[in-house]
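Below is one structure, written out as structure tokens, with a few remarks after it.
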Amino acid sequence: MGNPKGFLTIKRKESGYRPVEERLQDYSEVEKELPEKERKDQAARCMDCGVPFCHWACPVGNVMPEWQDMIYKGDWKAAYDILQETNNFPEFTGRVCPALCEPSCVLSVNDDPVTIRQNELAVIEKAFQEGYIKANPPKVRTGKKVAVIGSGPAGLACSDILNKKGHSVTLFEAEDEVGGYLRFGIPDFKLNKKMIDRRVNLLKEEGIEIMTGKTVGKDISIKDLKKKYDAVCITIGAREARDIKIDGRDLKGIHFAMDFLGQQNKIVRGDKIAEAELINALDKSVVVIGGGDTGSDCVGTSNRHGARKVVQIELLPEPPKNRTEKEPWPLWPKILKTSSSHEEGCERMWCISTKKFIGGNGQIKKILACKVEWKADEKGNYSMKEIPGSDFEIEADLVFLAMGFTHVVQEGLVKEMNLKLTLSGNIDVNENYMTSEKGIFAAGDAKRGASLVVYAIQEGREAAEGIHRFLSK
Ligand SMILES: Cc1cc2nc3c(=O)[nH]c(=O)nc-3n(C[C@H](O)[C@H](O)[C@H](O)COP(=O)(O)OP(=O)(O)OC[C@H]3O[C@@H](n4cnc5c(N)ncnc54)[C@H](O)[C@@H]3O)c2cc1C
């Protein structure tokens, strides 16, 4: 700990965002970066706690105090060396992680936590800038072959670790480019796709074979993969979108959020979309159903299209602004999150249930909604009740369904393999991430349900260790 008084003398300062009127004109990343001197100051706020709860709260187990100290001392190479021990892709988490570590930072007991996520991003970007990161293919190959199916953060992390251990990895991806939801989900204004290309080029140089445009179960049979490879890891995400089966669902103008967001990612990379398939929010009244991150991404994208009005509705109550006694430090608090997209313009409503889609000429025009209240029974289980007489209508030319994902897509590969599923419908695995079939592993959202990039990386890493143990027997 270089500066023992840093936490007493320096206030938290966030990187901040580009001005709203500027960022709404483009799809470039909205977050800025602090000058190097200020970044070092921010790292100097770390108290190097005896028990670093930030480390405990981080799914990949980043050892924050050690690299904060190196940032403060200006030894960026040492900071990078420590960081890359636990996280394969800090350039992704440094941009999009909700930073589960920060509410657990000991400083946050009575002050603002260290800007851990932004400090992480500074380390990895400095490492790329200074050329510390170079392709480092394994010196020895084990002769074992592994197929990884799905190239989201889980598949990428799993492939990276297995390749580093000397196994020959082939990564199969259904889409025409690598990245999963990093590429065709998370908007460019949160994550510039060049960051994925930069990393994937390194992985290829290090020897990972990448086969895009290959859906396993359709273009390639799993039977063939099992014959050709010593182990297989399934990292196909949890992509079964939650639907809402009410009157008017088949009206034009009602889309799953991912159809909108994925299409926008493709437009940004230069794809031409056929007029009939184009989803455009220009001058439209947009209603986003679902108050989470995917919904917030629909808000930001709609505003960039030039929507007339954007409303985001959520069934659950508005979360509290501050930590409550029910979620004491160092737990993750479920508090109100206002994203950069919300700041760009959006009306947010809570405790709203959607009853009916109302159209004209086959096109959505309005939503019939009502207010609901949530009450806990004596056991503390909450249930929802419609408030009688609270019906109201919301104008809507476009509706995005952003109510989350139920589980892994079971149709196709998963059903064909007859894999054991969990109660929630995801792929069941043992402590080594092996599924009910010997030699077949699963990780990431496909195994844990829709989650976060950092958990996908963690699971990809752990599955790789399980596969390595299996191959080393
Ligand atoms: C709109 C949106 C915004 C998000 N924002 C954030 C955020 O800000 N921060 C955060 O931490 N998390 C965010 N998430 C969640 C995060 O993106 C996911 O948790 C993470 O990508 C899961 O990684 P994964 O590797 O398990 O699966 P995925 O990223 O879903 O990747 C699965 C891959 O498998 C491929 N695939 C599927 N079936 C097959 C097959 N049969 N053969 C070959 N390939 C196949 C798919 O094409 C895909 O590329 C967001 C998610 C969405 C949808």
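The values are calculated or read from the model by the stated rules, or taken from the named source; none is laboratory data. Owing to the predicted nature of the structure, the values given are computational and were not obtained by experimental measurement. Cβ coordinates were reconstructed from backbone atoms using ideal geometry, including for glycine residues, and neighbour counts include every protein chain displayed.
Filter the stretch 96-130 for residues that are free of Cβ contacts under 8 Å to residues at least 24 places away in the same chain and either more than 22 Å from the chain's Cα centre (by Cα) or not assigned by TED's automatic domain parsing to the domain that holds residue 46 (or both) and give the result.
110, 129
State yes or no: is residue 168 touching a strand residue (DSSP E or B) at 6+ places or on another chain (Cβ under 7 Å), over 30 Å from residue 38 (Cβ atoms) and surrounded by fewer than 23 Cβ atoms within 10 Å (Cβ to Cβ)?
Details: touching a strand residue (DSSP E or B) at 6+ places or on another chain (Cβ under 7 Å): yes; over 30 Å from residue 38 (Cβ atoms): yes; surrounded by fewer than 23 Cβ atoms within 10 Å (Cβ to Cβ): yes.
In short, yes.
Say we look at the stretch 427-451 and pick out the residues that are more than 19 Å from residue 181 (Cβ to Cβ) and of a type in the set (A, V, I, L, M); which of these is farthest from the ligand (Cβ to nearest atom)?
Checked the stretch 427-451; the qualifying residue farthest from the ligand (Cβ to nearest atom) is 434.
Does residue 467 satisfy the condition of being outside any helix (DSSP H, G or I), modelled with pLDDT of 95 or more, away from the ligand (no atom under 11 Å from the Cβ) and surrounded by 15 or more Cβ atoms within 10 Å (Cβ to Cβ)? So that I can check it myself, show each step before the final result.
Working: outside any helix (DSSP H, G or I): no; modelled with pLDDT of 95 or more: yes; away from the ligand (no atom under 11 Å from the Cβ): yes; surrounded by 15 or more Cβ atoms within 10 Å (Cβ to Cβ): yes.
Here the answer is no, as residue 467 does not meet what is asked.
Within the stretch 344-358, how many residues turn out to be surrounded by fewer than 16 Cβ atoms within 10 Å (Cβ to Cβ) and either part of a loop (DSSP other than H, G, I, E, B) or not assigned by TED's automatic domain parsing to the domain that holds residue 380 (or both)?
The qualifying residues number 1.
Can you find a residue that is within 12 Å of the ligand (Cβ to nearest atom), touching a Cys at 6+ places or on another chain (Cβ under 9 Å) and under 23 Å from residue 156 (Cβ atoms) anywhere in the stretch 417-426?
Checked the stretch 417-426: no residue is within 12 Å of the ligand (Cβ to nearest atom), touching a Cys at 6+ places or on another chain (Cβ under 9 Å) and under 23 Å from residue 156 (Cβ atoms).
Give the number of residues within the stretch 271-305 that are more than 16 Å from residue 340 (Cβ to Cβ) and within 11 Å of the ligand (Cβ to nearest atom).
1
Where in the stretch 1-118 are the helices (runs of 4 or more DSSP H), entirely inside, with at least 3 residues that are surrounded by 16 or more Cβ atoms within 10 Å (Cβ to Cβ)?
Helices (runs of 4 or more DSSP H) meeting the threshold: 36-43, 53-57, 64-73, 76-86, 90-96.
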